[in-house]
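Engineer: Let me begin by handing over the structure; questions about it come next.
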Amino acid sequence: MSKGNTLVLGIGNILWADEGFGVRAVEEFHRRYATPDDVVIMDGGTQGLYLVQFVQEADNLLVFDAVDYGLEPGEMIVVAGDEVPKFTGAKKMSLHQTGFQEVLSAADFTGHYPKELTLIGVQALDLEDWGGSLTGLVRSKVDQALVLAVQQLREWGIEVTERDVPLPKSEGLLVHDLDIGAYESGHPLQRLEA
């Protein structure tokens, strides 16, 4: 039985290569795993302060994101609790991160901050390829991120069940051809290589 409401959130910009890691990780998590009704799985994209209400409602918050800590590209990190940067002055983790730091700060300011907070991130390799998808290196880290997410959720007492068959595209988290397969088939480089 889960303890309180849980939000599994992917943040990032799918238009900037590895910056889309968080969105692609949460998309794959949704395809592969079933969770109880009190778990919300959400593509937060680059919505910034529009995410405050969702963060305020969460007792447990798990975030997937690309990071830029100057680590070896592809290196995974797990940051929990007070270690997750909350304020604008903290080290910037990615191109959109200041916006998410503001989300956390706003939730904290209103007194509705998650009791549990974990960030699962990967050091980006390429944040400059406008319109590009994840690099092969960062894409190869999605499975590891999902394993870490399942472990964390279970530590919080949340039941996570692997689906026998991943959800089809029609039941995916992203719509309007933004899922990774449709997105990549529309990228000029992928069309040229086909």
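Rule-based calculations on the coordinates, nothing more; no lab input. Here the structure is a predicted model, which means the values were calculated and not measured. Here the Cβ positions follow ideal geometry from the backbone for every residue, glycine too, while neighbour counts run over all protein chains shown.
Engineer: When ranked by the protection proxy of mean other Cβ atoms within 10 Å per residue, highest first, what sequence do the peptides 63-69, 46-52 form?
Structural biologist: Working: 63-69: 24.4, 46-52: 16.6.
Taking the mean over residues of other Cβ atoms within 10 Å, the ranking is 63-69, 46-52.
Engineer: On to the next question. Between the range 149-172 and the range 112-135, what is the separation of their alpha carbon centroids in Å?
Structural biologist: Going from one Cα centre to the other spans 19 Å.
Engineer: Answer rounded, prolate or oblate for the range 101-159, using the Cα gyration tensor with square roots of eigenvalues a ≥ b ≥ c: rounded when a/c is under 1.5, else prolate when a/b is larger than b/c, else oblate. If you can, show how the numbers build up before the last one.
Structural biologist: Working: a/c = 4.00, a/b = 1.39, b/c = 2.88.
Cα axes put the range 101-159 in the oblate bin.
Engineer: Using mean Cβ contacts within 10 Å as the protection proxy, how do 118-125, 16-23 order, highest first?
Structural biologist: 16-23, 118-125
Engineer: Beta carbons within 10 angstrom, averaged per residue: use that to sort the peptides 145-154, 31-40, highest first. Intermediate values should be presented prior to the final figure.
Structural biologist: Values: 145-154: 18.3, 31-40: 15.4.
So the order, starting with the most tightly packed, is 145-154, 31-40.
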